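Derivation of every value follows stated rules applied to the coordinates shown; laboratory data play no part. Fair warning: this is a prediction, and the values are worked out from it, not measured in the lab. Positions of Cβ are backbone-derived with ideal geometry, glycine not excepted, and every protein chain shown enters the neighbour counts.
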Amino acid sequence: MISSAQNTSSIITNFVLVGLIEMESFRYLYALLSFALYVITMSICLMIVYVTQAEESLHEPMYFFICHLVFNVMVGSSAYLPKLFIDLLTECSTISLSACLSQGFFIQGYGSVEIFAFTAIAYDRFLAVGHPLRYHSLMTNLTCAKVIIAIWIFVLMGIAASVLLTARLTFCAVNINSVYCESMSLQRLACGDITINFIYGTTWTLFFVIGCMLVVIYCYIRTVVICLKLSGEASQRAMYTLVTHVVAFSIFMVGTMFVAFRYRVNGGSLSTVAHVAISISGLSCSIAVNPLIYGIRTEALRVKIVQCLHTFWSK
């Protein structure tokens, strides 16, 4: 019986994204919303990246880290929203195994890189506030570039291992309770033992989530303590920047935690609608909100963006 099941499961190369079927009644509305979200998000991200690179006054580690963070948002949104828009318009709810693995690679990579990017920003702000005289020697543009490269290498290797472990599985079911693919959704459809996948996925997720959160919390607490000892204006300026990072990081982490752990924490009791709602809201909120927060609340970026837009419209 086991051999027969494995032979049957090995021919499954296409899956059904159940979330797209659930959205079918209002698919044109959802398609319009996904298209608008993608255009707005990409526009804000591109503006931040352009302004950061064009303005020499912004050639500092903090703005490079923010630029890196929103560039990663562009990667994540491009792996998710265009396909959602096209699938809704064409009423296509199926996806091949290779396309599923590819989308999962980029979406999971986006989430992992984003967490490390927030951690780097938190540490950078701690150095800037806690060691202002030594900051420019402790965090140079070269150091910033090395940190960013290290993040991408580490994440891509870790996510690639997860995708490869998933690719080796055989599958007995085809329904994915979401509108996009990621490894855990595929693993729940597997026929055989997924212990290795589960252990690796849980260890990887807990390792970088808990590790990064501990670093972020430590840096933020130390930064707040230092801010309270500063003069009024300096303290207000540092706290304003800190609040921006805390809000952006909190929104991202809440969405990520729901998406990442919906299967691991009693996920079998969740309805299909709940799975779809969590997967869409968790990913969409982090993609949409964070670039907007940094574009509006970071004063230097906001001023340069407004100047750039004014110059563009005046021409």
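Along each of the three principal axes of the Cα atoms of region 105-171, give the extent in whole Å, ordering the values from largest to smallest.
So the extents along the principal axes, rounded to whole Å, are 58, 17, 12.
Cα axis of helix 272-297 to longest principal axis of the chain: angle in degrees, 0 to 90, nearest 10?
20
Computed FRET efficiency, Cβ-Cβ of Ala36 and Leu133, R0 51 Å: what is it to the nearest 0.05?
With a Förster radius of 51 Å, E is 0.65.
Considering the Cα trace of region 170-222, what is its radius of gyration and what is Dmax, both in angstroms?
For region 170-222, the Cα-based Rg and Dmax read 15.8, 51 Å.
Fully extended, how many nm does the chain gain between Ile226 and Ala145 (0.36 nm per residue separation, minus their Cα-Cα distance)? Let's see the in-between values first.
Details: separation 81, 0.36 × 81 = 29.16 nm, distance 2.68 nm.
Extending this stretch completely gives an extra 26.5 nm.
For a quick check: with amide H placed at 1.01 Å from N, whose amide H comes under 5 Å from Thr94's, ignoring anything fewer than 5 positions away on the same chain?
Correct list: Leu17.
Using alpha carbon coordinates only, what is the Rg to Rh ratio of region 84-136, with Rh defined as the Kirkwood radius?
Rg/Rh for region 84-136 comes to 1.37.
When the gyration tensor of the chain is built from Cα positions, what are the square roots of 5 times its three eigenvalues, in whole Å, from largest to smallest?
38, 23, 16
Suppose each label sits 7 Å from its Cα in the direction of the beta carbon; what would the Met213-Arg237 distance come out to in nanometres?
Calculated label separation equals 3.4 nm.
State the extension gain, in nm to one decimal, for the chain segment bounded by Asn175 and Ala54, taking 0.36 nm per residue of separation less the distance between their alpha-carbons.
Using 0.36 nm per residue and subtracting the Cα-Cα distance, I get 38.9 nm.
FRET efficiency for Thr311 and Arg27, Cβ-Cβ distance as r, R0 = 41 Å, nearest 0.05?
Efficiency at R0 = 41 Å is approximately 0.55.
How far apart, in nm, are two points set 7 Å out from the Cα along the Cα-to-Cβ line at Ser102 and at Asp193?
3.3
Please give the peptides 136-145, 240-249 ranked by average Cβ packing (other Cβ atoms within 10 Å per residue), highest first, as a rough proxy for protection.
Highest to lowest by the protection proxy: 240-249, 136-145.
Give the list, by residue number, of cysteines in the chain with no other Cys Cβ closer than 4.7 Å, or say none.
Cysteines lacking a close Cβ partner in the chain: Cys45, Cys67, Cys92, Cys144, Cys212, Cys219, Cys227, Cys285, Cys308.
Can you tell me what the convex hull of the Cα atoms of region 1-133 projects to on average, as an area in nm²? Show your work: numbers first, answer last.
On the way: hull surface 48.9 nm².
Mean projected area of the Cα convex hull: 12.2 nm².
By the scheme Lys and Arg +1, Asp and Glu -1, what is the net charge of all other residues having a beta-carbon under 15 Å from that of Phe64?
-1
Please report the relative contact order for the chain, taking Cα pairs under 8 Å with a sequence separation of at least 6, and give it as a percent rounded to a whole number.
Normalised by residue count, the contact order of the chain is 26 percent.
Given R₀ = 35 Å, FRET efficiency for Val247-Leu164 by Cβ-Cβ distance, to 0.05?
Numbers: r = 36 Å, r/R0 = 1.03.
The value I calculate is 0.45.
Jot down the radius of gyration and Dmax of region 137-227, Cα atoms only, both in angstrom.
So, for region 137-227, Rg and Dmax equal 18.3, 56 Å respectively.
As a test of the formula, what do you get for the chain when each DSSP H run with n ≥ 4 contributes -39,500 (n - 2.57) and the sum is divided by the residue count, at 222 nm and rounded to the nearest 500 deg cm²/dmol? Kindly include the intermediate steps, with their values, before the conclusion.
Numbers: 12 runs with 248 residues, N = 315.
Using -39500 (n - 2.57) per qualifying helix, the result is -27000 deg cm²/dmol.
With each label point set 7 Å from Cα along the Cα-Cβ vector, what nm distance links Ser78 and Val273?
3.6
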